Amino acid sequence: RAAGPEAAAPAQLLPVVLSVADQMEEAAAQVRAELERRGAAVALPGGLRGRLVPSSPRRFTEGGFAAQHYVAAEPNGHGLYLELLEGASGESIAYICFSLYSSGRVFPFTPPHRLLDAAQVDRLVVKRGWRGR
């Protein structure tokens, strides 16, 4: 090994970066925790109350939402899935699925060393009978 100024600099390690799937799960976990902290109550038209609850890709088909959406396939397994339950009956009346993506821009709120900095709605279904209320 060479010594002095011509010696090779020690290798600089890059910061640990979560995989895309890990970043999506981390973001989903943060939203679920925030919903739990806030109670997830939603004011619905007509004085009704509802609440958001965690869901899953499978509930899109099993809950009857796929039959009322133009995309019948279950959403991918790396998103944030929520259902809206009507307060009095507990009936599941809406489904929403978000995924994260990279906008290609740098925002002030983008966590350091993260690729995913924006969210998009992949599925949104309000069941018939609850639309337009």
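What follows is calculated from the coordinates using simple rules that are stated; it is not laboratory data. Since this is a predicted model, take the numbers as computed values, not measurements. Cβ atoms come from the backbone with ideal geometry, glycine included; neighbour counts cover every protein chain shown.
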Within the stretch 35-79, backbone nitrogen closer than 20 Å to the virtual label 7 Å beyond the Cα of Arg131 toward Cβ: 44-46, 60-75
Net +/- balance of residues flanking Ala40 in space, Cβ distance below 12 Å, scoring K and R +1, D and E -1: +2
Protection-proxy order for peptides 49-59, 30-40, each taking the mean of Cβ atoms within 10 Å per residue, highest first: 49-59, 30-40
